[in-house]
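Engineer: Okay, handing you the structure first.
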Amino acid sequence: MGRVIVTGETAAHVAERTARASYGRLVALLAAPTGDLELAEDTLAQAFEQALTTWPRDGVPDNPDGWLLTVARNRQRDLWKSAAHRRNQSLEAATDIGGDAVQPLNDLDLDRIPDRRLALLFVCAHPAIAANLRTPLMLQAVLGFDSAQIARAFAVPAGAMSQRLVRGKRRIRDARIPFVIPGRQAMPQRLPSVLEAVYGCYTLAFPELGDGESLAGEARYLAVTTARLLGDEPEAWALAALLTLASARATTPGDRYLPLQDQDPDEWDRHLIAEGEAYLRRAERPGQAPGRFQLEAAIQAVHCDRARSGATDWDALCTLYTALVAIAPSLGSRVAHAAVIGRTRSPRTGLSLLEALPVERERLQPYHAVRGDLLARLGRHQDAVAAFHQASTLSTDPAVRAFLERRAKELSG
Amino acid sequence: MRYMLLFHYSEASEDTIGAEAIAAGMRAMAGYAATLEQAGILVSGQVLQPSASSTTLTLVDGEPRIQDGPFADTKEQLGGVIVIDVPDLDAALEWARQAPPLSWGTVEVRPGAVHIEAGTWVASS
């Protein structure tokens, strides 16, 4: 096959597209034999750099993934050789390929090499990795975000995040956390932290990503990939369903914020709703108690169903939220439960549920917003205004802030 | 890869927990050692005397100062160690999970860097 000579800009474009689509797969393949994520990322970065100088000159290879993998592996091998006197591991074990450096191959088909991304996800969410580092590690190693972007998403200084990530990766290498998928016996203990970390990617705000891309989209991609790779884990499919259904209702950042009930279902993405519902069906296990993500996905499905039926099935929401707070009584789910009870039973019952929450509720924006709404419906306008103001101060999204201030203003007028 | 399992716990004696509890602990440790040996992964083990019998040296103005007591005077003390040779952290954690001291304290799993073989330091990985 001949190579197409292209301009530098197009080659850069191919490199960027490959980076987006294959980054995690390539990092996983490079890191799995050695356990060295830092080395894998560095050598892959060098391969991309080399691509940006060679591709515009010689043409984009037919198989960019294979080209990048071979170049990165050769680079890994060189580094390993130069450091060989300090290590006693064999080169073969270290690079997973015997013999001398190989030419970039066009027939190195990524689709025929086992996908190691799932093992990489289990490494990132290993119990020996601090819980608050698991999502950042996934963002970097699997999705290819740089540490400065991740630091912004977590609202921590860039230097601190970069240091944490480096320490985490060295820990994986030095303690030798294996790149394996847990067996059937260990899976129930290991899977929740993986799904939790993937979900963590979704809940991050990532305002400056630009050009239509969003972290929510990346997290959804990661959730669907995880479910596909695992094949038959109901909670993994449920998480894919949850993020897909939630994405179906996502609005463009900067738009005017509307609470779910005031949204026009015609603006929701029908294709994503259908896709999410299909994932949710794959999560169903008749006769088996639903997991946390299955309940959350089912709640999303009830909301999305308004696009078809024209009305919200509040009784179904009530049942689902009651089940959810029973198995996963997080502050967030209990606030949402109180909101639904406040609507289906009475605002007073909803308020009493809110009052039963622990003091950490005070730092939670939805707590104050739901409280404001229930107080307003009880006619306690002054208290409601104070609650909406409080919610507004706690919100980082300008559109949400504007909406809360508008509600406060309507009540004080 | 060598991992050291470090057992930290509040020190107990026959006076504090009774002779039967001490005997049961020793039986459990004997069974654990036999299991590790049978699996072919046991490198070495050492259970320590109470920290009250420990003596600590520090250099003060270039001269070693000898003091009674352990390095850190904490409620939980290092009570013993076992070194195992297993492929990775998951395997080490699985063995640590079965360690009897987990019932009366904390088990720390720490990868080895180097160890001595025939008078020479060699890599533990």
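The values are calculated or read from the model by the stated rules, or taken from the named source; none is laboratory data. Computed from a predicted structure; not experimentally measured. Heads up, the Cβs are rebuilt from the backbone with ideal geometry, glycines too, and the neighbour counts pull from every protein chain shown.
Engineer: Within segment A:159-167, is there a residue that is in contact (Cβ under 8 Å) with a residue 12 or more places away in the chain and closer than 13 Å to A:Leu37 by Cβ? Give the derivation first.
Structural biologist: Initial filter on segment A:159-167 (in contact (Cβ under 8 Å) with a residue 12 or more places away in the chain): A:161-162, A:164-166.
Next, from what is left, pick out any that are closer than 13 Å to A:Leu37 by Cβ: A:165-166.
Scanning segment A:159-167 turns up at least one residue that is in contact (Cβ under 8 Å) with a residue 12 or more places away in the chain and closer than 13 Å to A:Leu37 by Cβ.
Engineer: Now a separate question. Say whether the condition of being touching a strand residue (DSSP E or B) at 6+ places or on another chain (Cβ under 7 Å) and either in a helix (DSSP H, G or I) or modelled with pLDDT under 90 (or both) is met by at least one residue in segment A:53-60. Spell out how you get there, then give the answer.
Structural biologist: To start, the set of residues in segment A:53-60 that are touching a strand residue (DSSP E or B) at 6+ places or on another chain (Cβ under 7 Å) comprises A:59-60.
Keeping just the survivors that are either in a helix (DSSP H, G or I) or modelled with pLDDT under 90 (or both) gives A:59-60.
Yes - at least one qualifying residue is present in segment A:53-60.
Engineer: Let me ask something additional. Can you confirm whether B:Thr35 is closer than 23 Å to B:Tyr9 by Cα and assigned to a helix (DSSP H, G or I)?
Structural biologist: On the way: closer than 23 Å to B:Tyr9 by Cα: yes; assigned to a helix (DSSP H, G or I): yes.
So B:Thr35 fits the description; yes.
Engineer: Please enumerate the residues belonging to segment B:98-125 that are surrounded by 15 or more Cβ atoms within 10 Å (Cβ to Cβ) and away from every other protein chain (no Cβ under 11 Å).
Structural biologist: Within segment B:98-125, B:Ala99, B:Pro100, B:Pro101, B:Trp104, B:Gly105, B:Val107, B:His115 qualify.
Engineer: I'd like the full set of residues that are within 24 Å of A:Thr34 (Cα to Cα) and in contact with a helix residue (DSSP H, G or I) (Cβ under 8 Å, 6 or more places away or on another chain), limited to segment B:97-125.
Structural biologist: B:Val109, B:Pro111
Engineer: Right, something else. Would you mention how many residues in segment A:251-271 are part of a helix (DSSP H, G or I) and over 20 Å from A:Leu320 (Cβ atoms)? Walk me through it before giving the result.
Structural biologist: Restricting attention to segment A:251-271, the residues satisfying the condition of being part of a helix (DSSP H, G or I) are A:260-262, A:265-267, A:270-271.
Filter again for over 20 Å from A:Leu320 (Cβ atoms), leaving A:262, A:266-267, A:270-271.
Residues meeting the conditions: 5.
Engineer: With the requirement that a residue be surrounded by fewer than 17 Cβ atoms within 10 Å (Cβ to Cβ) and either among the acidic types (Asp, Glu) or outside any helix (DSSP H, G or I) (or both), what does segment A:365-382 give you? Give the derivation first.
Structural biologist: Applying the first criterion (surrounded by fewer than 17 Cβ atoms within 10 Å (Cβ to Cβ)) to segment A:365-382 yields A:377-379, A:381-382.
The answer is A:Leu378, A:Gly379.
Engineer: Name the residue, out of B:Ala72, B:Ala92, that is of a type outside the set (Asp, Glu), surrounded by 15 or more Cβ atoms within 10 Å (Cβ to Cβ) and within 16 Å of the chain's Cα centre (by Cα). Quick ask: steps written out before the conclusion?
Structural biologist: Details: B:Ala72 fails: surrounded by 15 or more Cβ atoms within 10 Å (Cβ to Cβ).
B:Ala92 is the lone residue from the list that is of a type outside the set (Asp, Glu), surrounded by 15 or more Cβ atoms within 10 Å (Cβ to Cβ) and within 16 Å of the chain's Cα centre (by Cα).
Engineer: Shifting gears a bit: Only one of these conditions is not met by B:Ala24: (1) part of a helix (DSSP H, G or I); (2) within 30 Å of A:Pro127 (Cα to Cα). Which number is it?
Structural biologist: (2)
Rundown of residues vs (1) touching a Ser or Thr at 6+ places or on another chain (Cβ under 7 Å); (2) in a loop (DSSP other than H, G, I, E, B); (3) among the acidic types (Asp, Glu); (4) away from chain A (no Cβ under 14 Å), yes/no style:
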position	(1), (2), (3), (4)
B:Met29	no, no, no, yes
B:Thr56	no, no, no, yes
B:Ala72	no, yes, no, yes
B:Ile82	no, no, no, yes
B:Ala96	no, no, no, no
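Engineer: What's the number of the only condition in (1) surrounded by fewer than 23 Cβ atoms within 10 Å (Cβ to Cβ); (2) farther than 16 Å from A:Ile172 by Cβ that A:Gly35 fails to meet?
Structural biologist: The single condition A:Gly35 does not satisfy is (2).
Engineer: Filter segment A:114-158 down to residues that are more than 21 Å from A:Pro33 (Cα to Cα) and not in a helix (DSSP H, G or I), then give me how many there are.
Structural biologist: Of the residues in segment A:114-158, 7 are more than 21 Å from A:Pro33 (Cα to Cα) and not in a helix (DSSP H, G or I).
Engineer: Just one of B:Ala21, B:Ala99 is free of Cβ contacts under 8 Å to residues at least 60 places away in the same chain and out of contact with any Pro (no Cβ under 9 Å at 6 or more places or on another chain); which is it?
Structural biologist: Of B:Ala21, B:Ala99, the one residue that is free of Cβ contacts under 8 Å to residues at least 60 places away in the same chain and out of contact with any Pro (no Cβ under 9 Å at 6 or more places or on another chain) is B:Ala21.
Engineer: Do we find that B:Glu37 is within 14 Å of chain A (Cβ to nearest Cβ), within 30 Å of A:Ile181 (Cα to Cα) and without any contact (Cβ under 8 Å) to a residue 40 or more places away in the chain in this structure?
Structural biologist: Numbers: within 14 Å of chain A (Cβ to nearest Cβ): no; within 30 Å of A:Ile181 (Cα to Cα): yes; without any contact (Cβ under 8 Å) to a residue 40 or more places away in the chain: yes.
In short, no.
Engineer: Does A:Ala148 satisfy being surrounded by fewer than 18 Cβ atoms within 10 Å (Cβ to Cβ) and either on the phi > 0 side of the Ramachandran plot or more than 14 Å from chain B (Cβ to nearest Cβ) (or both)?
Structural biologist: Numbers: surrounded by fewer than 18 Cβ atoms within 10 Å (Cβ to Cβ): yes; either on the phi > 0 side of the Ramachandran plot or more than 14 Å from chain B (Cβ to nearest Cβ) (or both): yes.
Considered against the rule, which asks whether it is surrounded by fewer than 18 Cβ atoms within 10 Å (Cβ to Cβ) and either on the phi > 0 side of the Ramachandran plot or more than 14 Å from chain B (Cβ to nearest Cβ) (or both), A:Ala148 comes out as yes.
Engineer: Looking at segment A:124-145, which of its residues are surrounded by fewer than 23 Cβ atoms within 10 Å (Cβ to Cβ) and away from every other protein chain (no Cβ under 14 Å)?
Structural biologist: A:Ala130, A:Ala131, A:Asn132, A:Leu133, A:Leu143, A:Gly144, A:Phe145
Engineer: While we're here: Criterion first (of a type in the set (Val, Ile, Thr), farther than 24 Å from A:Arg256 by Cα and loosely packed, with under 14 Cβ neighbours inside 10 Å) does A:Ile327 satisfy it? Write out each step before concluding.
Structural biologist: Numbers: of a type in the set (Val, Ile, Thr): yes; farther than 24 Å from A:Arg256 by Cα: yes; loosely packed, with under 14 Cβ neighbours inside 10 Å: yes.
Answer is yes for this residue.
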